[in-house]
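Asks: What follows is a structure written as structure tokens; I'll ask about it next.
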Amino acid sequence: MEFHRVGLQDKEWITDFLNHAFTLNADYSYYGNYIWRDVYHAEVARMQDLLVYRAHVEDRCMISFPLGQGDAAGVLRQLYAKAKERGEDFIVCSADKAQIDMLREAGLGDFAVRDMRGAADYIYEAERLISLSGKKLHAKKNHVNAFEKSHSWEIQPIDLTNVAVAAMLNERWDEDRTEDAPERTSEIRQESVVLGNVFREWEACGLNGILLYADGEPEAFAVGSMINDRVLEVHFEKANGMLRGAYQMINREFVKYMKELHPELTYVNREDDMGYENLRKAKLSYDPCTIVEKYTLLFDQRG
């Protein structure tokens, strides 16, 4: 029942767990929790063969819905009792509709449900992101074709020889993005700090990434990891927005690169839109095959 801070020592067992307890939900990703551990004080525990995360957001403690084949309702009942003993609110996140129904059938129905639309994950078929086939992705393919015709280009896997280049691009684009979206300055800078930390511990961390060069200049990069054997999560993707096709190229090439490393790769999780309309439109424009809906449960509250 003991939680501990998510660390490198958890990579092997969590990854193995997720390969058996298949999920498309990025909230259970080892790397997603590891790289944001300092921001959200991310902790993890294995309870009765269930994977459970705990995070602290704006002074509120949140528990992920237990993932796995164990007694999720029983584990939540125990955690709820401990929270009441400490006089703390009990909040469960990452639940789906079937899990909500299961809790109510188990007698744990004294909670309010909040639809977290801004936290829903966008899922895509890996092969379609590579081929860009079909009418709905025709415009994306046109951008890629224009890029390939206009530039000599190459892809380089990020490693110790070029990770400093990716770090430099991150810092440069952080400044440009805060000017373009001043309302998101705090969020953008927080993301930039997290990504800077990732680059500094690149070898130990074990993430995957690529750099896109056009006419000899670095113009885009992507960083991601496998949630399980079949699902890629794209954590970060940045490109020169003034260069036509740069975003579409890095999107396609990163999935292609990861497919070569992981032949079983079937789905790509490009994470959520954080409630931003422009980001939502961009993610929908790639025609997701499904969207992972998430609900937050506020215990001892109704309505």
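Asks: Would you confirm whether or not region 28-35 contains a residue that is open to solvent by less than 50 Å² (accessible area, probe 1.4 Å) and modelled with pLDDT under 95? Walk me through how you get there before you give the answer.
Replies: Taking region 28-35 and keeping what is open to solvent by less than 50 Å² (accessible area, probe 1.4 Å), we get 28-35.
Add one more test, that the residue is modelled with pLDDT under 95, and what stays is none.
There is no residue in region 28-35 that is open to solvent by less than 50 Å² (accessible area, probe 1.4 Å) and modelled with pLDDT under 95.
Asks: Still on this model: Only one of these is modelled with pLDDT under 95, open to solvent by 10 Å² or more (accessible area, probe 1.4 Å) and aromatic (Phe, Trp, Tyr): Trp153, Trp202, Trp173. Name it.
Replies: Just a single option satisfies the conditions, and that option is Trp173.
Asks: Can you report the number of residues in region 207-264 which are hydrophobic (A, V, I, L, M, F, W, C), more than 23 Å from Leu160 (Cβ to Cβ) and under 19 Å from the mean Cα position of the chain (by Cα)?
Replies: So the count comes out to 3.
Asks: Check off (1) open to solvent by 50 Å² or more (accessible area, probe 1.4 Å); (2) under 26 Å from Cys61 (Cα atoms) for Phe299 and give me the number that stays unchecked.
Replies: Of (1) open to solvent by 50 Å² or more (accessible area, probe 1.4 Å); (2) under 26 Å from Cys61 (Cα atoms), only one is false for Phe299: (1).
Asks: Identify, please: which residue in region 39-60 is over 23 Å from Glu293 (Cβ atoms) and either of a type in the set (S, T, N, Q) or free of Cβ contacts under 8 Å to residues at least 40 places away in the same chain (or both) and is, among those, least open to solvent (accessible area, probe 1.4 Å)?
Replies: For region 39-60, the residue satisfying everything is His56.
Asks: Applying the selection to region 154-172, what residues are over 19 Å from Glu260 (Cα atoms) and not in a loop (DSSP other than H, G, I, E, B)?
Replies: Val163, Ala164, Val165, Ala166, Ala167, Met168, Leu169, Asn170, Glu171, Arg172 - these are the residues of region 154-172 that are over 19 Å from Glu260 (Cα atoms) and not in a loop (DSSP other than H, G, I, E, B).
Asks: Moving on to the next point. Looking only at region 277-296, filter to residues that are closer than 20 Å to Ala119 by Cβ and part of a loop (DSSP other than H, G, I, E, B); which one of those is least open to solvent (accessible area, probe 1.4 Å)?
Replies: So the residue we want is Lys294.
Asks: If you check Ser94 against the conditions, is it free of Cβ contacts under 8 Å to residues at least 24 places away in the same chain, touching a helix residue (DSSP H, G or I) at 6+ places or on another chain (Cβ under 7 Å) and not β-branched (Val, Ile, Thr)?
Replies: On the way: free of Cβ contacts under 8 Å to residues at least 24 places away in the same chain: no; touching a helix residue (DSSP H, G or I) at 6+ places or on another chain (Cβ under 7 Å): yes; not β-branched (Val, Ile, Thr): yes.
So Ser94 fails the test.
Asks: Let me ask something else about it. Can you say whether Val144 is more than 20 Å from the chain's Cα centre (by Cα), under 30 Å from Gly216 (Cβ atoms), open to solvent by less than 20 Å² (accessible area, probe 1.4 Å) and β-branched (Val, Ile, Thr), as far as the supplied structure shows?
Replies: yes
Asks: If you check Gly109, Gly70, which single one turns out to be touching a strand residue (DSSP E or B) at 6+ places or on another chain (Cβ under 6 Å), at pLDDT below 95, open to solvent by 20 Å² or more (accessible area, probe 1.4 Å) and at negative phi?
Replies: Result: Gly70 is the single residue among Gly109, Gly70 that is touching a strand residue (DSSP E or B) at 6+ places or on another chain (Cβ under 6 Å), at pLDDT below 95, open to solvent by 20 Å² or more (accessible area, probe 1.4 Å) and at negative phi.
Asks: Can you tell me how many residues within region 265-276 are of a type in the set (A, V, I, L, M, F, W, C) and within 11 Å of the chain's Cα centre (by Cα)? Write out each step before concluding.
Replies: If we filter region 265-276 for residues that are of a type in the set (A, V, I, L, M, F, W, C), which is where we start, we get 265, 268, 274.
Filter once more, so that each one left must be within 11 Å of the chain's Cα centre (by Cα): 268.
Result for region 265-276: 1.
The values are calculated or read from the model by the stated rules, or taken from the named source; none is laboratory data. This is a predicted model, so every value here is computed, not measured. FYI the Cβ positions are ideal-geometry reconstructions off the backbone, even for glycines, and counts take in every protein chain you see. We work out accessible area using only protein heavy atoms, side chains counted, and drop any ligands, DNA or RNA first. Shrake-Rupley method; radii C 1.70, N 1.55, O 1.52, S 1.80 Å.
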